[in-house]
Every structure is written in structure tokens, then in C-alpha cells.
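First the structure, in the form of C-alpha cells, and then the observations on it.
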Amino acid sequence: MLKINSIDMEFPQMGREPTMGYADEYVEKTMISGKIRRIYKGRRFYANFSYAFLTAEQRATVNSLLAAQRQNGYLTVQISSPFGSYNGQAIIELGQGQTRFAYSDVLGEYVWTNWDLTLKGVDYDDN
């Protein structure tokens, strides 16, 4: 399940292998002695979803989500993952690789390809 601002984003052309997990975040400081110390801040949830193409309606949905994020600073996300479900605030980043297009015989129109959405949790995980 992938819902962003209560919009179901599990489109039929979603890639079969989304990646998700938690990444440690830290601040790295170099001491006077030259030693490097890491000050751990926490673990942040991330998820990456790819789509082979998006239709005009789906592109409008993505654009409306990006506009909502610009206004609010975040989006509300619900994701089922191998680690359980993630329900919280996240920031969406859109990969800039969707510049090619292809003609779809099924849809009867040109579609933009290679869409890549990355979601990052706003808050650190408590674990």
C-alpha cells in the first residue's frame, strides 16, 4: 500500500521492486587531534518507487502533490513495508530523469517515461 495525502499511488505501471528502509543520519566532526567523530541523530525512513510511465491524469496527481508539499512543507504518507507500516509525514522528491517519451499503442498517446519518486521521513524513527 502506498498512499500520499490519502491518494492511492499504486498505479498499475509501478515497478515491481520498490526499495525502502531506514538510514542512519549523523553529523561528522573532525576533532583538533584529527580524529573523526560521528554524532548520531537517529534513523530516517526512506522509500523509492519507480513507474515505467505516467498518464496525463497521473502526472497531474503528482504535480498536485508537489504543490501541496510546497505549501505545507510535507505530505502525509502511508506505506506498507517489510518493517511494518510507516504512517507519518514525508518529503517527496521527484527524479529528473523523466525526459524521454514513448508512444503507447495501448493508451493511444505519448507518455513520459522513467518516473522515480523518493520519500523521506520528516522525523527520525524512535528505534
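The values are calculated or read from the model by the stated rules, or taken from the named source; none is laboratory data. On a predicted model such as this, the values are computed, not experimentally measured, just so you know. Note: ideal-geometry Cβ built from the backbone for every residue, glycine included; neighbour counts use all protein chains shown. Quick note on the areas: whole protein, heavy atoms, side chains included, nothing else; ligands and nucleic acids left out. Shrake-Rupley method; radii C 1.70, N 1.55, O 1.52, S 1.80 Å.
Which number do you get for Rg(Cα) / (2.2 N^0.38 Å) in the chain?
Values: Rg = 17.8 Å, N = 127, 2.2 N^0.38 = 13.9 Å.
Expressed relative to 2.2 N^0.38 Å, the Cα Rg reads 1.28.
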> Cα gyration tensor of segment 1-55, axes a ≥ b ≥ c as square roots of the eigenvalues: rounded (a/c below 1.5), prolate (a/b > b/c) or oblate?
Replying inline: prolate
>> At R0 = 22 Å, how high is the FRET efficiency between THR118 and LYS35 if r is their beta carbon distance? Nearest 0.05 is fine.
In response: 0.10
> When the chain is modelled as a GNM with alpha-carbon springs shorter than 10 Å, which of VAL27, VAL111, VAL62 fluctuates the most?
Replying inline: VAL27
> Highest GNM mean-square fluctuation, the chain, Cα pairs closer than 10 Å: which of GLU109, GLU28, GLU93?
Replying inline: GLU28
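Taking 0.36 nm per residue of sequence separation and subtracting the Cα-Cα distance, how much length would be gained by fully extending the chain between ASN72 and ARG59, in nm to one decimal? Display every interim value, and only then the final one.
On the way: separation 13, 0.36 × 13 = 4.68 nm, distance 2.00 nm.
Gain on extension, ASN72 to ARG59, equals 2.7 nm.
Using a 1.4 angstrom probe on heavy atoms only, work out the carbon and sulfur share of the accessible area of segment 1-106 in %.
On the way: 3420 of 7000 Å².
Looking at segment 1-106 in its full context, I get 49 percent from C and S.
So, for the chain, what is the accessible surface per residue at a probe of 1.4 Å, expressed in square angstrom? Each step should come with its number before you reach the end.
Values: 8290 Å² over 127 residues.
Accessible area per residue, the chain: 65 Å².
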